[in-house]
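> Take a look at the following structure, please.
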Amino acid sequence: MDLFEYRDGDLCCEDVRLSDLADETGTPAYVYSAGTLLRHYRAIADAFAPLDPTICFSVKSLANVHVLKLLASAGSGFDVVSGGEIARVLAAGGEMSRVVFAGVGKNDSEIEFAIASGVGMFNVESAAEFENLSRLASLGGKKVHAALRINPDVYDPATHRYTTTGKKETKFGVDIDRAGRFFETYGRDPHVELDGIHLHIGSPIYSPQPYVQAVTKAMDLAETLCEKGFQVRSLNLGGGYAADYDQGASPRAETYAEALVPLLKDKNLRVLLEPGRQISCNAGVLLTRVLYVKQGGGKKFLIVDAAMTDLLRPALYEAEHFVYPARLPDGASPPERRIAFASEGGEKVDIVGGVCETSDFLATDRVLPPMRRGDLLAVFSAGAYGFVMSSHYNSRPNAAEVLVQGDSWRVIRRRENYDDLFAAELDV
Ligand code: LLP
């Protein structure tokens, strides 16, 4: 599925040896594979081709302008949730009519910016937001398109409670039971053409079944609305298509498509998808070096130069990522890429960062070959919700980002320096 593999004992991204790359870029560094990003994008496009969908890559999962440029060149549209993300898509030269703007808390300047930039569709999440959008569209003298985000009240029990969004009790969207009334109140607005339905039931969703339930409910709603004389021209299925954090755990794009295409084919609806992690997750690794090896009680710690400020997911969701040395001990065979993989003759370690928080770990209880100061580790499946969730806590500069394509690579975000940390404080 992705283009990271061990060759002669060295982890390579496409045709680049990551230990060579790290010698030049320093660590921590995020490394993305262009070939993998494109391959994952095409897998979704091909699987859903019978619906001729608009694929809107979810910028929040991996927002680097150069990555957006790459995906735009493959035909991708974009799902954005802030003015900042709109600015990134503009900087990447994305086609704005293929941009959808979601989020429960769009502020006035973001809405004005989106209208002025020609964003294709607003995914509206409340009555109050709709009224504000209509007011701002009329002031700007422009008519805009909107889809109502509904809550179909389904959820995937496998999804972490922090990232499930399709249940009734959530701040996102509008209860499906209230959607009819919403269209009756706002469906004939002169400034906002409300002609679509949007869903996003959570992420990651490991089975097509919750989507099938949600789409079935949405199609019933669309039919009722059409009977009442409203136009429903588009259905946006959102994102959440899982990625493989642990081998074999995730369905492929075809599995979702096989379940969903029959429900949506020939329904005279424009279908939109907002995949994030299925494209970006396994297209990136985080490279980090061991600073110190330390014994603490019965535990052995590898203290590394990346931390929760670089990859927050383990601290925030107890998410697990496969972590392994980028260079194998002499004669060792490549590991199986499974979180529970135990290296033969290895030792059990916790891999932790240098931030002053006990929750600052990248992985716990992993059996790795014996590691020493200076050794390079790769944290896999880190392309999605990795760099984008970085912080400056403890005044740590953010990592570099690198894009590999074939046998060449380039830095697509330079490592931050100390001046970057407080430039905005001096600029007052
Ligand atoms: N569309 C909407 C409206 C969303 O809210 C999201 C993600 C997506 C699409 C893309 O979901 P994806 O296909 O990437 O699963 N930080 C968490 C994930 C939060 C997802 C928020 N919304 C994590 O690290 O797992």
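The values are calculated or read from the model by the stated rules, or taken from the named source; none is laboratory data. All values reported here derive from a predicted model rather than from experimental measurement. With ideal geometry, Cβ positions are generated from the backbone for all residues, glycine too; neighbour counts draw on all protein chains shown.
> Quick check on my filter: what residues within the stretch 317-365 are of a type in the set (A, V, I, L, M) and in contact with a helix residue (DSSP H, G or I) (Cβ under 8 Å, 6 or more places away or on another chain)?
Hits for the stretch 317-365 are 319, 326, 355, 362, 363.
> Go through 410, 366, 415 for me and flag whichever is of a type outside the set (A, V, I, L, M), touching a strand residue (DSSP E or B) at 6+ places or on another chain (Cβ under 8 Å) and part of a loop (DSSP other than H, G, I, E, B).
Testing whether each residue is of a type outside the set (A, V, I, L, M), touching a strand residue (DSSP E or B) at 6+ places or on another chain (Cβ under 8 Å) and part of a loop (DSSP other than H, G, I, E, B) leaves just 415.
> Six or more apart or on different chains, Cβ atoms under 6 Å: show the pairs whose first residue is in the stretch 189-205 and within 30 Å of residue 245 (Cβ to Cβ) and whose second is surrounded by fewer than 19 Cβ atoms within 10 Å (Cβ to Cβ).
202/163; 203/163
> Yes or no: residue 145 modelled with pLDDT of 95 or more and either of a type in the set (Val, Ile, Thr) or outside any helix (DSSP H, G or I) (or both)?
yes
> Can you tell me which of 390, 408 is touching a residue at least 60 places away in the same chain (Cβ under 8 Å) and within 16 Å of the ligand (Cβ to nearest atom)?
On the way: 408 fails: within 16 Å of the ligand (Cβ to nearest atom).
Every option except 390 fails the conditions.
> Another one. Considering only residues that are farther than 21 Å from residue 258 by Cβ, touching a residue at least 40 places away in the same chain (Cβ under 8 Å) and either touching a Ser or Thr at 6+ places or on another chain (Cβ under 9 Å) or not in a helix (DSSP H, G or I) (or both), which ones fall in the stretch 212-237? So that I can check it myself, show each step before the final result.
First, the residues of the stretch 212-237 that are farther than 21 Å from residue 258 by Cβ: 220-234.
If we keep only those that are touching a residue at least 40 places away in the same chain (Cβ under 8 Å) as well, we get 221-222, 224-225, 228, 230, 234.
Once the filter is applied, which keeps residues that are farther than 21 Å from residue 258 by Cβ, touching a residue at least 40 places away in the same chain (Cβ under 8 Å) and either touching a Ser or Thr at 6+ places or on another chain (Cβ under 9 Å) or not in a helix (DSSP H, G or I) (or both), the stretch 212-237 yields 228, 230, 234.
> Sticking with this one: For residues in the stretch 204-234 being of a type in the set (Ser, Thr, Tyr) and in contact with a strand residue (DSSP E or B) (Cβ under 8 Å, 6 or more places away or on another chain), which is nearest to residue 160 (Cα to Cα)?
Result: 211.
> Okay, moving on. Tell me, which strands (runs of 3 or more DSSP E) wholly within the stretch 18-91 include 2 or more residues that are over 21 Å from residue 306 (Cβ atoms)? Break it down into steps so the answer makes sense when it comes.
Numbers: elements: 29-33, 54-58, 77-80.
Once the strands (runs of 3 or more DSSP E) in the stretch 18-91 are filtered for at least 2 residues that are over 21 Å from residue 306 (Cβ atoms), what remains is 54-58, 77-80.
> Can you tell me which of 75, 94 is within 28 Å of residue 403 (Cβ to Cβ), under 19 Å from the mean Cα position of the chain (by Cα) and surrounded by fewer than 17 Cβ atoms within 10 Å (Cβ to Cβ)? It would help to see each step written out before you state the result.
On the way: 94 fails: surrounded by fewer than 17 Cβ atoms within 10 Å (Cβ to Cβ).
Exactly one residue qualifies, and that residue is 75.
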